[in-house]
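Input: a single structure, listed below in structure tokens.
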Amino acid sequence: MKHHLMLGAASAALLLIAAGPSLAAETTVPAAPTEVDAVVVIGQGQSRQVQTLNSEAISLEAAGTSPLKAIDKLPGVTFQSADAFGAYEWSTRISIRGFNQNQLGFTLDGVPLGDMSYGAHNGLHISRAITNENIGRVELAQGAGALGVASTSNLGGTLQFFSRAPSEAMGGQLNVTGGADNMYRVFGRYDTGAIEQLGGLRAYASIASQSTEKWKGGGDQKQFQYDVKAVLPIGQGDLTAFYNGSQRREQDYQDLSFALIKRLGRNWDNTRPNWALAIAAANAYQKGTALPAPFTTVDDAYYAGAGVRDDELFGATLNLPINDMVKFNATAYGHTNKGQGLWYTPYVASPGYGVVGSTAAPLSIRTTEYDIDRRGLIGGLTVDLGAHVIGAGFWVENNDFNQARRYYAETASAPSRDPLDFQETPFFTQWAYNFETKTTVGHVEDTWTVNDALKVNFGFKAIKVENSVTRVAGNALAGTIESKDSFLPQVGFVFKATPDIEVFGGYTENMGAYVSAATSGPFGSQNQAAVDYIAKTLEPEASKTIELGARYRNERFQGVAAVYHVAFDNRLLAASTAAPILGLPAVLSNVGSVETQGLELAGTYSLTDAWSIYGAYTYNDSTYQDDVINGSGVVTV
């Protein structure tokens, strides 16, 4: 643990005083001629608050570190994780301007990653979507993001990840990392360089294998990834294709409350490898006898928990300038996922427990199982008319998501299953549902260069998301719910006051689509009456964001100051809909609004051409505007 903390602290120190030159070929952000290379690039010319983190900044972190941890330094961002790399998905939490992860938008090379929440119904985490070493840059928009971002969850900010381009020169890269707790990581990449016989085609293939023991408790966290990307020049444009795969196996740390830490200490964890203690606690619960020390409740610890995920993400993008005025781009993509989240539950015994002569354990393995199969198409057209640049685009996606809750038997004498394997042959399926989500989004925007100093952009997007559910097992459940808004405007401006100073501002409206899952969203109650009620009464969450700021840049310094106000409406929370005597369940309800205002400051000063110092400051104040009142009229929150 100490070694990991020292490694993280050293990385943080390097990020404050960072080397300048870039080490890898990548897609770059246009920079002012006077700019000295910086690891954080302030978004000059943008009508919204934007910062970009380049590959150099990401590479300053220890190999295998989540890019989310790297962006923690940017204003408005808060990131937390239980592991040193920030890669353990169950524990990772990122928020931007007070919005939670499931209220943000994420893409990789324009391909939607959904809301990146654990057990996501419509995407996958960036740590599985691409190997960290292949990320070229990360662009953060703390507000609702550009109109063309393929997301229906970005009430708050958007994070767009961009992969490194294949190199023009043939070559390779090999990184080997080792550390405490038997940690190792090996990354290898081969670039073909431009192959003139194939029209200048260039490509790369990479593999990465990483493993570490947990820094406390028993168990391992492992991942194997492979990425392939190719670029074929076509006239003034290009055709890009990629195929990324991930096999992730990670054992959980026990969730800790302040009360648990005070009673059992920071190093408390699940009982693995102590099977006997887990069996004793489960026996005591099943028989109603005293729990073994140091348990005071059966939930103090379980034997183990784990997340098992296999993902494949693939796509192709065509960028094609039709002439000097018109540019066309289109991306077709697909994503498949097979996953299980599991834990050893003492609440359900294995079949045969208590029968004379049975070897059944007083506990079992409970899983939540996921299968995603989604396909989508994104397209856009840009017309440059001189003073006006007109852009229009669309995004359509069809997502089939299957989710189930199952139980698997164990033996009392010793564990018979590996929690890092996909579990098979369940003895009980509590519920299983099929969900279909159809997404249709379109946008139109005009960027008007009024004069050499002033640029204005205005446009809107329309969103329609249809969520449907059918029952496979469990409670009867069927129905459809729709999120729809045909006019979500976005207006902004950039005014160049002096050669070094620009002022920017904007206003954006956005809507968050409903979640299609049995564990969250409108279908989370798994109750037909509740679903019918919700479909008639619920409104999707919405946000209105106002930003105003200024940027300053000279040969040595670049900085930004921004203020913002966000009105977050139709907040969703499970709340009682009637008096308790009626026996109706708490269902997802609109419980009011939240208002947020804040200030963000960031700046980079180049000490020399090779060394710079960066700092940021954020102030955020969010206030609930409404009490939550239950069906009896009592304030509950």
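Just so you know, all these numbers are worked out from the coordinates, no wet-lab data involved. Note that the structure is a prediction, hence the values are computed from the model and not measured. Don't worry about glycine lacking a Cβ; one is built from the backbone with ideal geometry, like all the others, and counts go over all protein chains shown.
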Requested in this report: With +1 on each Lys and Arg Cβ and -1 on each Asp and Glu Cβ, and nothing else charged, work out how big the dipole of segment 225-284 is about its Cα centre, in Debye to the nearest 20.
Outcome: 320 debye
Report task. Provide the gained length on full extension for the span ASP324 to ILE546, in nm with one decimal, where the gain is 0.36 nm per separating residue minus the Cα-Cα distance. Result -> 76.4 nm
Requested in this report: Give the Debye-formula value of log10 I(q)/I(0) at each listed q (0.11, 0.21, 0.22, 0.23 Å⁻¹), with one equal scatterer per alpha carbon of segment 518-637, two decimals each.
Outcome: -0.58, -1.12, -1.18, -1.23
Report summary line: Whole-number value, in Å³ per residue, for the convex hull of the alpha carbons of segment 301-377 is 117 Å³
Requested in this report: Determine the gain in length on full extension of the stretch ALA497-THR636; use 0.36 nm per residue of separation and subtract their C-alpha separation, reporting nm with one decimal.
Outcome: 45.0 nm
Query raised in the report: Using the scaling law 2.2 N^0.38 Å as the reference, what is the normalised Cα Rg of segment 114-160?
Result: 1.19
Report task. Mind computing the radius of gyration and Dmax over the alpha-carbon atoms of segment 113-200? Å is fine for both. Result -> 17.4, 48
Report summary line: Here FRET efficiency (C-beta to C-beta, GLU213 to ASP621, R₀ 60 Å, nearest 0.05) is 0.90
Query raised in the report: So how much slack lies between LEU385 and ALA259, counting 0.36 nm per residue of separation and subtracting their Cα-Cα distance, in nm?
Result: 39.0 nm
Report summary line: At R0 = 51 Å the Cβ-Cβ FRET efficiency linking ALA473 and ASN175, nearest 0.05, sits at 0.65
Query - Of LYS262/LYS544; LYS222/LYS544; LYS338/LYS438; LYS69/LYS438, pairs whose Cα-Cα distance is over 30 Å - result: LYS262/LYS544; LYS222/LYS544; LYS69/LYS438
Requested in this report: Return the tail of the calculated pair distribution for the chain, meaning the percent of Cα-Cα pairs more than 37 Å apart.
Outcome: 39 percent
Query raised in the report: Between ASN122 and residues 5 or more places away or on another chain, which pairs have amide H atoms under 5 Å apart, with H built 1.01 Å from N, and which residues are they?
Result: ASP115
Query raised in the report: Could you give me the ³J(HN,Hα) list for segment 542-554, computed from phi with Karplus coefficients 6.51, -1.76, 1.60 and θ = phi - 60°, whole Hz, x at Gly and Pro?
Result: 9, 9, 10, 10, 10, 10, 8, x, 9, 10, 10, 8, 9
Query raised in the report: From the phi of every residue in segment 560-568, what ³J(HN,Hα) in whole Hz does the Karplus formula 6.51 cos²θ - 1.76 cosθ + 1.60 yield, where θ is phi - 60° and glycine or proline is x?
Result: 9, 10, 9, 10, 8, 9, 10, 9, 9
Query raised in the report: Considering amide H positions built from the backbone, and no H for Pro or chain starts, which residues 5 or more places from LEU588, or on another chain, come under 5 Å of its amide H?
Result: ALA575
Report task. With only Lys, Arg, Asp and Glu charged, each at its Cβ (+1 for the first two, -1 for the last two), find how big the charge dipole of segment 76-234 is about the Cα centre; round to the nearest 20 debye. Result -> 200 debye
Query raised in the report: Across segment 333-339, in residue order, what do the Karplus-derived ³J(HN,Hα) couplings come to in whole Hz, using 6.51 cos²θ - 1.76 cosθ + 1.60 with θ = phi - 60° and x for Gly and Pro?
Result: 8, x, 8, 10, 9, 10, x
Query - Mean separation of Cα contacts under 8 Å, 6 or more apart, over the residue count of the chain: relative contact order % - result: 11 percent
Report summary line: With label points set 7 Å from each Cα along the Cα-to-Cβ direction at GLN247 and TYR226, the distance between them in nm comes to 0.9 nm
